[in-house]
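Heads up, the thing below is written out as structure tokens.
The values are calculated or read from the model by the stated rules, or taken from the named source; none is laboratory data. What you see is a predicted model, and the numbers here were worked out from it, not measured in a lab. Positions of Cβ are backbone-derived with ideal geometry, glycine not excepted, and every protein chain shown enters the neighbour counts.
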Amino acid sequence: MAQSEAALAAFAPEPGRSLWQDAWARMRKNRMAVFGAIALAIIAAASVFGPLVWSHAYEAQDLVLGASPPSATHPLGTDKLGRDQLARILSGGRVSLLVGIAATAVSLTIGLLWGSIAAYFGGRVDAVMMRIVDILYALPFTIFVILLMTVFGRNFVLLFVAIGAVEWLTMARIVRGQVLALKRQEFIEAAVALGLRRRRIILRHLIPNVLGPVAVYTTLTIPAVMLLEAFLSFLGLGVQPPMSSWGLLIKEGAEMMEEAPWLLLYPAALFTLTLFSLNFVGDGLRDALDVRASRD
Amino acid sequence: MALLEVEGLRTAFHTRHGVVRAVNDVSFRLERGETLGIVGESGSGKSVACLSLLGLIPRPPGRIESGSAQFDGTDLLYSAESTLRGIRGRRIGMIFQDPMTSLNPYLTVEQQLVEPLLIHGLAEGAEAHRLALAALKEVGVPDAERRIRDYPHQFSGGMRQRVMIAMALIAKPDLLIADEPTTALDVTVQAQILDLIEREQRQRGVAAILISHDLGVVADVCDRVMVMYAGIVVETAPSEALFRAPQHPYTRALQLSRPARQAKGTELYAIPGLPPDPMQVLAGCPFAPRCEFAIDDCVRGPIHLEPLPGGGESACLRIQRGELEFEGVARALSQ
């Protein structure tokens, strides 16, 4: 009893702090989320700054060396062309994280606006907007990307756009569901009764209230996007060697799993760690952003 | 000229199962500074009537079929959305039933209090903050300087309703509509909130419409009471007169049903039967099937709300003909 009260007290936000301060306080109490955030920060920092400091370049080949196990000069070994695996993982992290973040940002923006507008206006607007989503859903992703690549040429930026353009569909559906439930709440009606414009109601009253589930889904989208990038790279539509990405490295590692297991092990471990961390952070974010969670 | 004059308002909901005539030819007027109570059971159309005025009924399925509502020279029913937006929150404030859900959980009380000021261009920045703080103090929120930065979930139900009242009044409207403002609250808090609404409204000379299903609540606060049943007005009267001599069998039955009136140990009085199916169109008086005084003419209709010598209005045929007279169901109120 005393313990649960103490736990409640710990969760009760202190008065007079902003939503973000409150969220931050709750987030800090969640050990897994903190662990995830720290792990992500280290991985991101290593990917951004690592290639600048590390003595080996990711594309420098040493054909004589070939695939060699971890050693003093190459701590994570080398691939079959003798390229330093650590350098490739670090620069691959740049690509993977960038794709993950950029494509997710694209999908987040479109999905959030599309879903909340459809649900808020309802009726015919909703029907038309969601049918468009359905149609795009039915479009085979691979064909869509191949089409994009053949029309606009192979382009790194296009990769973000292509992935983002596919990923926003689910986001739109999730947001729509949330908004549908929300818009019957009295505070939305109260906002109308105060004379607010629709735009202000959507931006100020609806969207902040769907941020919880959206934050969680976002952290799930980032890994999904990174996997998609790996898939595209595998088809030769994504990142091209000698550039690397985690997806590409895992694919190459899988091909040489028996002769050179370290080629698969390290990128796969790092990728897994990143995905786990993102999930922990997502869970933490959901709890932290839900001001209502501390009601009871 | 009256502040608000509603004539022949009809609002219907077109559902898959048929047309629900929620408000069926309702007329009333409200002077500046006057308090009108609208009483009726669930589904009697009291809320829909008021929401129709502000254009707040969901359309579709809702539709305002006919009528007019002159508010200080503007017909609310035929105004453009932009005109209505300028009236909502600025000239007509609204308080909702459930204070737990009528505040946005993600914004601080201050952010919500200043919203009417900002969107109607009445004040901004430090001035808006000052007004918000003053409004919060005015409605009796203790430690307002600190509490204004809190979130709604840090407030109790009664305190939230105080915030809602402050929000509804902050733009100094001419009319305040309170839709069952105390229904979701504790009994002990109800009286406080009612007192607050009454005090604010009298001080500022704001006209008010108080919607309630509790006759006692309405009688304490309002100058005049309008009783609704199945989408029509069955009686209007000054609240004193309504209690002294109800002019409609339904009003009388409502009064008889009040637990406060019954002796301990006796069985509570209940009106027999159920309200009519709102999808059915009735020729006569909707209360006739449940009315112990009903005669054939009541069922056959038509019925109209007609002024009575005493200053009120009644829709009861037999009252209008002088065949019925209810003597005072004594005014035994909460005080």
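Could you tell me whether the stretch B:152-169 includes any residue that is of a type in the set (A, V, I, L, M, F, W, C), within 29 Å of A:ALA288 (Cβ to Cβ) and surrounded by fewer than 19 Cβ atoms within 10 Å (Cβ to Cβ)? For the stretch B:152-169, residues of a type in the set (A, V, I, L, M, F, W, C), within 29 Å of A:ALA288 (Cβ to Cβ) and surrounded by fewer than 19 Cβ atoms within 10 Å (Cβ to Cβ): absent. Output the number of residues of the stretch B:32-60 satisfying the condition of being surrounded by fewer than 20 Cβ atoms within 10 Å (Cβ to Cβ), under 15 Å from B:ALA230 (Cα atoms) and within 14 Å of chain A (Cβ to nearest Cβ). Within the stretch B:32-60, residues that are surrounded by fewer than 20 Cβ atoms within 10 Å (Cβ to Cβ), under 15 Å from B:ALA230 (Cα atoms) and within 14 Å of chain A (Cβ to nearest Cβ) number 0.
For A:SER91, indicate whether it is polar (S, T, N, Q), in a helix (DSSP H, G or I) and in contact with a Phe, Trp or Tyr (Cβ under 6 Å, 6 or more places away or on another chain). So A:SER91 fits the description; yes. Within the stretch A:67-75, not a single residue is in contact with a helix residue (DSSP H, G or I) (Cβ under 8 Å, 6 or more places away or on another chain) and among the hydroxyl-bearing types (Ser, Thr, Tyr). If the requirement is being farther than 21 Å from A:ASN209 by Cα, in contact with a His (Cβ under 9 Å, 6 or more places away or on another chain) and either more than 10 Å from chain A (Cβ to nearest Cβ) or not basic (Lys, Arg) (or both), which of these qualifies: B:GLY93, B:GLY89? Criteria check complete, one pass: B:GLY89. B:MET100 passes every criterion in (1) facing chain A (nearest Cβ under 9 Å); (2) more than 30 Å from A:ASP22 (Cβ to Cβ); (3) part of a loop (DSSP other than H, G, I, E, B); (4) of a type in the set (A, V, I, L, M) apart from (2).
A single member of B:GLU180, B:GLU198, B:GLU127 is acidic (Asp, Glu) and farther than 30 Å from B:GLY45 by Cβ, and it is B:GLU127.
Tell me, which residue of the stretch B:257-276 that is touching a residue at least 60 places away in the same chain (Cβ under 8 Å) and farther than 19 Å from B:MET228 by Cβ is surrounded by the most Cβ atoms within 10 Å (Cβ to Cβ)? This residue is B:ARG261. Within the stretch A:147-192, if we keep just the residues that are away from every other protein chain (no Cβ under 14 Å) and polar (S, T, N, Q), the residue that is nearest to B:LEU54 (Cα to Cα) turns out to be A:THR170. Looking at the structure I just gave you, is B:GLN255 assigned to a helix (DSSP H, G or I) and under 30 Å from B:VAL114 (Cα atoms)? No, not satisfied. For the criterion of being surrounded by fewer than 21 Cβ atoms within 10 Å (Cβ to Cβ), outside any loop (DSSP other than H, G, I, E, B) and of a type outside the set (Val, Ile, Thr), B:ALA135 fails.
Listed conditions (1) within 14 Å of chain B (Cβ to nearest Cβ); (2) surrounded by fewer than 17 Cβ atoms within 10 Å (Cβ to Cβ) are all met by A:PRO140, apart from (1).
Looking at the structure I just gave you, is B:GLN97 surrounded by fewer than 22 Cβ atoms within 10 Å (Cβ to Cβ) and in contact with a strand residue (DSSP E or B) (Cβ under 8 Å, 6 or more places away or on another chain)? So B:GLN97 passes the test. Within the stretch A:218-227, is even one residue facing another protein chain (nearest Cβ under 10 Å), surrounded by fewer than 18 Cβ atoms within 10 Å (Cβ to Cβ) and not small (Gly, Ala, Ser)? Checked the stretch A:218-227: no residue is facing another protein chain (nearest Cβ under 10 Å), surrounded by fewer than 18 Cβ atoms within 10 Å (Cβ to Cβ) and not small (Gly, Ala, Ser). Considering B:ARG63, B:ARG29, B:ARG10, which residue is touching a Lys or Arg at 6+ places or on another chain (Cβ under 8 Å) and away from chain A (no Cβ under 12 Å)? Within the list B:ARG63, B:ARG29, B:ARG10, the selection yields B:ARG10. Within the option set B:ARG130, B:ARG204, B:ARG147, being among the basic types (Lys, Arg), at pLDDT below 85 and out of contact with any Ser or Thr (no Cβ under 7 Å at 6 or more places or on another chain) holds for one residue only, B:ARG204. A:VAL214 meets the conditions (1) closer than 27 Å to A:ILE110 by Cα; (2) surrounded by fewer than 19 Cβ atoms within 10 Å (Cβ to Cβ) in every case but one. The failed one is (2). With a requirement of 3 or more residues that are in contact (Cβ under 8 Å) with a residue 60 or more places away in the chain and within 22 Å of B:GLU180 (Cα to Cα), the strands (runs of 3 or more DSSP E) lying completely within the stretch B:1-83 that satisfy it span B:4-15, B:18-30, B:35-39. Scanning the stretch B:231-286 for residues that are in contact with a helix residue (DSSP H, G or I) (Cβ under 7 Å, 6 or more places away or on another chain) and of a type in the set (A, V, I, L, M, F, W, C) returns B:VAL234, B:LEU242, B:PHE243, B:LEU254, B:ALA260, B:LEU268, B:ILE271, B:ALA283, B:CYS285. Can you find a residue that is closer than 25 Å to B:LEU51 by Cα, within 18 Å of the chain's Cα centre (by Cα) and either touching a residue at least 24 places away in the same chain (Cβ under 8 Å) or facing another protein chain (nearest Cβ under 10 Å) (or both) anywhere in the stretch B:154-161? Scanning the stretch B:154-161, I find at least one residue that is closer than 25 Å to B:LEU51 by Cα, within 18 Å of the chain's Cα centre (by Cα) and either touching a residue at least 24 places away in the same chain (Cβ under 8 Å) or facing another protein chain (nearest Cβ under 10 Å) (or both), so the answer is yes. Among the residues of the stretch B:110-123, is there at least one that is within 8 Å of chain A (Cβ to nearest Cβ) and in contact (Cβ under 8 Å) with a residue 60 or more places away in the chain? Checked against the condition, which is being within 8 Å of chain A (Cβ to nearest Cβ) and in contact (Cβ under 8 Å) with a residue 60 or more places away in the chain, the stretch B:110-123 yields no hits at all. Only residues that are under 24 Å from the mean Cα position of the chain (by Cα) and surrounded by fewer than 20 Cβ atoms within 10 Å (Cβ to Cβ): list them for the stretch A:107-130, please. Across the stretch A:107-130, the qualifying residues are A:THR109, A:ILE110, A:LEU113, A:MET130. If you go through the stretch B:106-123 and keep only what is in contact with a helix residue (DSSP H, G or I) (Cβ under 6 Å, 6 or more places away or on another chain) and assigned to a loop (DSSP other than H, G, I, E, B), you end up with B:TYR106, B:VAL114, B:ALA123. One residue stands out among those in the stretch A:195-209 that are touching a Leu at 6+ places or on another chain (Cβ under 7 Å) and hydrophobic (A, V, I, L, M, F, W, C): the one that is surrounded by the most Cβ atoms within 10 Å (Cβ to Cβ), which is A:LEU206. If only residues of the stretch A:199-210 that are more than 8 Å from chain B (Cβ to nearest Cβ) and in contact with a helix residue (DSSP H, G or I) (Cβ under 7 Å, 6 or more places away or on another chain) are counted, the one that is farthest from A:GLU167 (Cα to Cα) is A:ILE201.
Go through B:ARG130, B:ARG146 for me and flag whichever is more than 23 Å from B:GLU180 (Cβ to Cβ), out of contact with any strand residue (DSSP E or B) (no Cβ under 8 Å at 6 or more places or on another chain), assigned to a helix (DSSP H, G or I) and at the interface with chain A (Cβ under 9 Å from one of its Cβ atoms). Of B:ARG130, B:ARG146, the one residue that is more than 23 Å from B:GLU180 (Cβ to Cβ), out of contact with any strand residue (DSSP E or B) (no Cβ under 8 Å at 6 or more places or on another chain), assigned to a helix (DSSP H, G or I) and at the interface with chain A (Cβ under 9 Å from one of its Cβ atoms) is B:ARG146.
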